[in-house]
Each structure stands twice: as structure tokens, then as C-alpha cells.
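Worksheet: one structure, shown below.
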Amino acid sequence: MDKILRIDMGAAGGPVLKTEALGDYAGLGGRAMTSTIVAKEVPPSCHPLSSANKLVIAPGLLSGSAAAMSGRISVGCKSPLTGGIKEANSGGQASQVLGRLGYAAIVLEGKPADDTLYKVVINKDGATIAADNGLKMLGNYDTVAKLAEAYGEKVATISIGQAGEMKMSSASIAFSDMEQRPTRHAGRGGVGAVMGSKGVKAIVLDDAGMKMRQPADPEKFKAANKEWVAGLRKNPTTGEGLPAFGTNVLTNVINEAGGYPTNNFSTGQFEGASKLSGEAQAELENKRGGEGSATHGCHRGCVIRCSGTYYDKDGNFLTKQPEYETVWAHGGNCGIDDLDTVAMLDRLDDDFGLDTIEMGATIGVAMEAGLAEFGDGEAAIRLVKEVGEGTPLGRILGNGAAVTGKVFGVEHVPVVKNQAMPAYDPRAVQGVAVTYATSPMGADHTAGYGVATNILNVGGSVDPLKPEGQVELSRNLQIATAAIDAAGLCLFIAFAILDQPETFQAMLDIISAFNGKEFTADDVSDLGKQILTVERDFNAKAGFTSAQDRLPDYFKTDALAPHNVTFAVTDEELDTVFNW
Ligand code: SF4
């Protein structure tokens, strides 16, 4: 990965492509690449949909190599949802393919003068861009089908649906999976709206004729990768729990812990949780046949394979196995206990190109506002369809929970920096709540997954209901996560590396052998801190202060059942998260 592709969408006479050397960005990957480019090249005060913003797509440092789990991709920009810097992370095929094609980043910049829609094609001969208004207002599924027809069934695609074209703040960017379906999304922060503002509907990646990236020290790399895979396989979560039940294995766990946000975060347990659980989902999927629920990867080189396939009642493909966050967002958070309804909402979100967490939280707020009853699945489907159709109500909902709460006068809106909270109530899982409050990304569980240590006793144990130890926990996890996101590794490796020193060492050895330069635990920490510093600096210049590093007040005043607990980490403690 020795080059960056820049596409100036605002050039006179039409888009201009330029391939350049890495220069100052040499040695960066994934989130380190996206956040560094955005911080250096995007004016922090710019409008996120203006020509001054840039959309950066970067494979991880190890992507395109034989390193297991190395196919995650980062998308960065100034976020239309939060107003701060954004890195949204996704699986799918694109990262491995882009890595093999030799690109460390694609940067979309400028803004077209009219509403022509473009597609970019990158293959072994280079990159081209062409107008393709035939793709206008197509969903991701139809878009990918058309691209497959034109470019073959082996290409990887990056695309936006209607929500991105309408520049909604909940719009995602879809990455095709191994079956060439647009099921993997860089969901958070409205990155799809920025791609829409650049007039780019799709990017097609074809690595035919390209080779896997080779490590500097092949023997050491091979041995470390073997140890790495063995460590992931022997860990009970990455070797058994996630492959068997997917991420939705968490529904029963979080519900039993009293941290399952129900009916717009009004209580911590949902009586219909068992009907939504990973166990129930696996049973249903296996009964319906086909590929079933188990052992399905979202990209080449994944050995955990936490994903699966969801078929409808008639045995037809409906969507990928909905993730825990999606099942919660459209399920318990809206009082809905029917998996088929949740799967349909997941399919609609993927097709329109919407962040499932933001949409579920938004529907929850809309239900609290009285637009529908909690538990009314048909109404939820109708509301999401309004978003895809771009009706006036749909435009409001498509701009997220904060906008919806404001428009309909709702007091309880679970957002930080305007971004909706994920599937863990901050009062009952206070470690992840510190991450929600302080992450430069806005409320984001993946930025520092305190749930691991609070609830799952991975990497030690910190009482989830008490404030003690949460700041340190979140700090350490945010640092480690930023580095993992830079490497392009799937975050689920954390379950194994937090508890198995030899597996953590194997990860370091893979990076060392690949780069031909020793990479130590201190280097992981330094890289994570460097990324977070760059991101916080951008946000400060965009006008963020410590006032934005807070949860909404009601989490500090309204006790959550069943533990009757409020968020108790003080503001002063929150302000020490980034003191290192
Ligand atoms: S563990 Fe799951 S999310 Fe991670 S890379 Fe594999 S399939 Fe994708």
C-alpha cells in the first residue's frame, strides 16, 4: 500500500483523479490514516456537506495480507451528525481488496457543480471515474446487483443508498460481503451523507491479477499468524460463543445484567428479550435452513466468523444475521420482540443505507413522542420506509435521534455529541458510559468497550454499577481500540488479547514481522494516544469543550430499574480520561 488515490469532485470540467505517494502519511493505516488526513486537511469549522470536507477511506495497516482478522476498513470525515471528527469502521471485502490493489487511502474531495452521480472503478490498471445517473436513488441491493452485472461477481463494492444521496445524518456507507451483498456498513456519524455530497454513488474494487501483500519477515509472520489463530480459536468467546450465536449472544447476558435499554432507555430489562436472543435467533435460522446462523465471516481472512444469514418464513434470503446492536435498537429499545420484524428493519436499513443504531434510537424517540406505540413493529417498518422515501417526516427521522427529539419536543433523548447511544444503558454499565461521554466520536460502544470488563469479566472485573475504576478502564480501552482500528483488525480480537498474554504477543509479532520492525506493547499505547490526541484536537478546533463530554442529565437523575442506579462518574473524573 504505497499510494493514495485522490479524486477532486469539484474540478472544473469534471472530476479529476490523482495518484500520489504517501508522503507524510507513510506508515499509517485505518483510523490512524483517516483521522490524520482529516485533521490535517479539513478545516474544523467547515460545513460537513461542503466542498471543504473530505471523505477518506482507508484499509488497515495489515489489510490485504494473510494476517487473520485484518480486513476492517475505516471511513473518516467531519461528521454531519456530531460536527466533530468521525471514524466509522466496517467489515466487508473492500479492505482486503483495496490493500491488494496497493492503495493506503481513497480521498474524495471538493464537490461537483451539479447533481450528476458518479461511480469509481479501481483495478490493476488504475482508477477511473464515470457519470452513471442510472444508479440514482437506487437502494444498495439494486446498486450492487447492477455493478455485479457490469463488473462481475468477484468485485467488492462500496456504495450509498437513498439516505446518502439525500444527505441524511444517519446515512451509512455499505461494503459488500463475501456473497457480494451490501450487508456491512460504516454506520455511524452520517459518513454516507458526505459520500452523497461528493456525488459518488459507488466505488468498484477489482483485485484480479493482484497479489496478497507480503510480510518483511515471512517465516516469523507465518509462525505468529499460526499462534494468533490458535489463540483466537481457544478463547471461549472468539472460538465458541461468537461463531455459534453471533453478537446477539449478548441479548440475554445484558438483559440479565439489567443494562438492556428498553422502550427508549426507560428501564434496564425487556420482558421479550428471550424471543430476540442469539439462542432464539440461531434456532430459528437453523430451522429455516440454508447457511444457517453459524460460522460465517464478513470478509476473507476472518477466523472468528461471528456472522450468519437470515432467511424469511419462506426460506428466502432476507438479510445477514442482524447484529446484537441492531436487534436491540429495533427490538427492545422499541418494545418489539419479533425477530422477523427486526430482520426486515435491518434489511431496510441496509438497503436505504442507514445506521441501524441511530435509526433504532430514533424510532424509540419517535415512539416516546407518540408517533407510534412501543411494540408496534408495523409502525416501525412504516417509519423507516418514510426515511427511505424521503417524505418530510422521513427526512426528520433520517437525521437522527437528536433532531427527532427536538422536532417532537422529547426530553429523554439518549445521545452524546448528537450521536445515539448503543445497546448498553449507561447507568448499568458505567465503564462504557464513560466512553459514550468522552469518545471524540460521540456515543460509541466500539470506541472503548467497557462492557467487556464490566459485564463479561474479560480483562479483569470492574463493578458496572459503581463509578470506581471506570475512567481508567475507559481510558485504557479507548487507547487500545484506536490502535486496533489502525491495524485493520476486528475489534472482537479484544476478547482474546485481553485475557491471553500469548495471543496479545502473537498480534504484536504479526505486526513486527509484517513491517520488519519491532512493534511492542508500548507502541500500541503510543499509537492509540497519538490518534486520540489528533481527534480531540480537531474537535476542540471545531468548538467542542468538556461540556460536550457529558451524558444527558437525566442519566444522572433518573434511576434505572431493576438496579435503581444512576450514572455516578463525576464531571471532574470525566475530564481526566485523556490525562496520560
Ligand atoms: S468476527 Fe465478525 S465482525 Fe469481525 S471480521 Fe469476523 S465476521 Fe466480521
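Odds and ends about this structure:
- Some residue of segment 144-159 being away from the ligand (no atom under 15 Å from the Cβ), closer than 19 Å to K86 by Cβ and crowded, with 24+ Cβ neighbours inside 10 Å: yes
- Restricting E153, E219, E179, E149 to those that are out of contact with any Cys (no Cβ under 7 Å at 6 or more places or on another chain) and closer than 30 Å to Q505 by Cβ reduces the list to E219.
- Matching residues in segment 8-52 - criterion: being open to solvent by less than 40 Å² (accessible area, probe 1.4 Å) and either modelled with pLDDT under 95 or over 24 Å from G84 (Cβ atoms) (or both): A11, G14, P15, L22
- Checking each residue in segment 324-344 for being surrounded by fewer than 24 Cβ atoms within 10 Å (Cβ to Cβ) and in contact (Cβ under 8 Å) with a residue 60 or more places away in the chain picks out E325, G335, D337, D338, L339.
- The residues in segment 216-234 that are open to solvent by 10 Å² or more (accessible area, probe 1.4 Å), of a type outside the set (K, R) and within 13 Å of the ligand (Cβ to nearest atom) can be counted, and the count is 1.
- When segment 393-421 is limited to residues that are among the charged types (D, E, K, R) and under 30 Å from I455 (Cα atoms), the one that is most open to solvent (accessible area, probe 1.4 Å) turns out to be E411.
- Any hit, segment 228-239, residues being assigned to a helix (DSSP H, G or I) and touching a strand residue (DSSP E or B) at 6+ places or on another chain (Cβ under 7 Å): no
- Verdict on E373 being surrounded by fewer than 23 Cβ atoms within 10 Å (Cβ to Cβ) and within 16 Å of the ligand (Cβ to nearest atom): no
- Taken together, T34, T19 contain a single residue that is touching a residue at least 24 places away in the same chain (Cβ under 8 Å) and in contact with a Ser or Thr (Cβ under 7 Å, 6 or more places away or on another chain), which is T34.
- Filtered residues of segment 345-370 (kept if in contact with a Leu (Cβ under 7 Å, 6 or more places away or on another chain) and open to solvent by 10 Å² or more (accessible area, probe 1.4 Å)): R347
- Test: residue in segment 422-442 that is surrounded by 24 or more Cβ atoms within 10 Å (Cβ to Cβ) and without any contact (Cβ under 8 Å) to a residue 12 or more places away in the chain: no
- Scanning segment 105-115 turns up no residue that is at pLDDT 95 or above and within 16 Å of the ligand (Cβ to nearest atom).
- Members of segment 507-519 that are more than 27 Å from the chain's Cα centre (by Cα) and outside any helix (DSSP H, G or I): G516, K517, E518
- Screening segment 448-459 for residues that are open to solvent by less than 40 Å² (accessible area, probe 1.4 Å) and farther than 18 Å from V577 by Cβ and picking the one that is modelled with the lowest pLDDT gives V458.
- Condition check for P243: within 16 Å of the ligand (Cβ to nearest atom) and on the phi < 0 side of the Ramachandran plot: yes
- Restricting attention to segment 562-575 and to residues that are open to solvent by less than 50 Å² (accessible area, probe 1.4 Å) and in a loop (DSSP other than H, G, I, E, B), the residue that is farthest from E271 (Cα to Cα) turns out to be V569.
- Meets criteria (part of a helix (DSSP H, G or I) and either more than 16 Å from the ligand (Cβ to nearest atom) or on the phi < 0 side of the Ramachandran plot (or both)) for L345: yes
- Under the condition of being of a type outside the set (S, T, N, Q), under 21 Å from Q321 (Cα atoms) and touching a residue at least 12 places away in the same chain (Cβ under 8 Å), the residues counted in segment 240-260 number 10.
- Looking only at residues in segment 492-517 that are closer than 13 Å to S70 by Cα and out of contact with any Phe, Trp or Tyr (no Cβ under 8 Å at 6 or more places or on another chain), the one that is nearest to the ligand (Cβ to nearest atom) is F492.
- Enumerated strands (runs of 3 or more DSSP E) restricted to segment 19-112, each holding at least 1 residues that are under 21 Å from A494 (Cα atoms): 55-59, 73-78, 85-90
- Failed criterion for G71 (all others in (1) out of contact with any helix residue (DSSP H, G or I) (no Cβ under 7 Å at 6 or more places or on another chain); (2) within 16 Å of the ligand (Cβ to nearest atom); (3) of a type in the set (G, A, S) hold): (1)
- Filter result (away from the ligand (no atom under 16 Å from the Cβ), in a helix (DSSP H, G or I) and under 30 Å from A420 (Cα atoms)) within segment 269-328: A273, S274, K275, L276, E279, A280, L284, W328
- Matching residues, segment 178-226, being at positive phi and among the small types (G, A, S): G189, G190, G199, G209
- Test result for A171, under 16 Å from the mean Cα position of the chain (by Cα) and buried (at least 23 other Cβ atoms within 10 Å of the Cβ): yes
The values are calculated or read from the model by the stated rules, or taken from the named source; none is laboratory data. Because the structure is a prediction, the values reported are computed rather than measured. Counting neighbours? That spans all protein chains shown, and the Cβs are built from the backbone with ideal geometry, glycine included. When the accessible area is computed, the model is the full protein with side chains, heavy atoms only, and any ligands, DNA or RNA have been set aside. Shrake-Rupley method; radii C 1.70, N 1.55, O 1.52, S 1.80 Å.
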